[in-house]
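Derivation of every value follows stated rules applied to the coordinates shown; laboratory data play no part. All of these numbers come straight from a predicted model, not from anything done at the bench. Cβ coordinates were reconstructed from backbone atoms using ideal geometry, including for glycine residues, and neighbour counts include every protein chain displayed.
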Amino acid sequence: MITGYSINVIDLDKTLIPYDSFRVLIKKELVKLNLYILFITLIRVARLSSTKNYKIKIIKYLENKYESEYFKEYANTIYRDIDEKVLEIIKLETKENTINILLSASPNLFVRYLIAKLNFKGTGSFFNDRGDFVHMFGIIKVDWINTNYSTEKYDYNFAISDSATDDKLLSLFSKHIKW
């Protein structure tokens, strides 16, 4: 380690918060009787669309429908729902030279505002500069961490996640919790 910095990686859904933030956002739209969201969701439920394609369509739709204030307010709602036990664990693992990184498969549309509010680094699922969708899920989280926080420069201190898809990510860290 060259820089003297360590990193902690935190999963959002069902770890830092007790629910799936993307699902809750979709449910909010369904309650509003949003016919487009209803149609796309029915196609997904019938397994006529992949999870990735479903997310792409929903994210693009919401991005065009709402201003950033809508997503900031949703991030504020999520912030109020943070599990205090998980936050305490993170605080115990955070030293002066620690960078806390939040990674989520949920859309960066609102995750970025939560990251800023927490004063963390990280990302949710996003569209890269070429317009390709980067689904921050499973091995993609590992690739993102390795690319942005290499082991040559950072000590992989602590990680916490609820999902078996994050097992490889968790295994990179000297301390980790399967929540």
- Among the lysines, which have Cα under 23 Å from the Cα of Lys72 when same-chain residues fewer than 8 positions away are ignored? Lys14, Lys27, Lys28, Lys32, Lys55, Lys57, Lys60, Lys117, Lys121
- Item | Alpha-carbon gyration tensor eigenvalues x 5, square-rooted, for region 1-114, Å | 31, 15, 13
- Message: Skipping prolines and chain starts, which residues have an amide H placed within reach, meaning under 5 Å, of the one on Val9, given they are 5 or more residues away or on another chain?
- Response: Ile101, Phe158, Ala159, Ile160
- Rounded if a/c under 1.5, otherwise prolate or oblate - region 37-79, Cα gyration tensor axes: prolate
- Item | Candidates Phe127, Phe22, Phe158: whichever shows maximal mean-square fluctuation once the chain is modelled as a Gaussian network with Cα springs under 10 Å | Phe127
- Query: Which loop-located GluC sites (Glu not before Pro) does region 90-179 contain, where loop means any DSSP state but H, G, I, E or B and the Cβ has at most 11 other Cβ atoms within 10 Å?
  - Reply: Glu96, Glu152
- Given Cα pairs under 8 Å that are at least 6 residues apart, what percent is the relative contact order of the chain? 32
- Approximate spin-label separation Glu88-Ala46, in nm, with each point projected 7 Å along Cα-to-Cβ: 4.9
- Note on the structure: For Val134, other-chain or 5+-apart residues with amide H closer than 5 Å (H placed, Pro excluded) are Phe126, Phe127, Asn128
- Radius 13 Å from Cβ of Glu73, net charge of other residues (Lys, Arg +1; Asp, Glu -1): +2
- Item | Most to least packed among 84-91, 51-58 [average Cβ atoms within 10 Å] | 51-58, 84-91
- Message: Counting only helical runs of four or more DSSP H residues, what would the 222 nm mean residue ellipticity of the chain come to if each run contributes -39,500 (n - 2.57) and the total is spread over all its residues?
- Response: -14000 deg cm²/dmol
- Per the 1/(1 + (r/R0)^6) rule, R0 = 35 Å and r from the Cβ atoms of Asn97 and Asp129, FRET efficiency to 0.05 is 0.70
- Alpha carbon convex hull of region 115-179, volume per residue in cubic angstrom: 107
- Taking placed amide H atoms and a strict 5 Å upper bound, the residues 5 or more places from Tyr154 or on another chain that come that close are Ile2
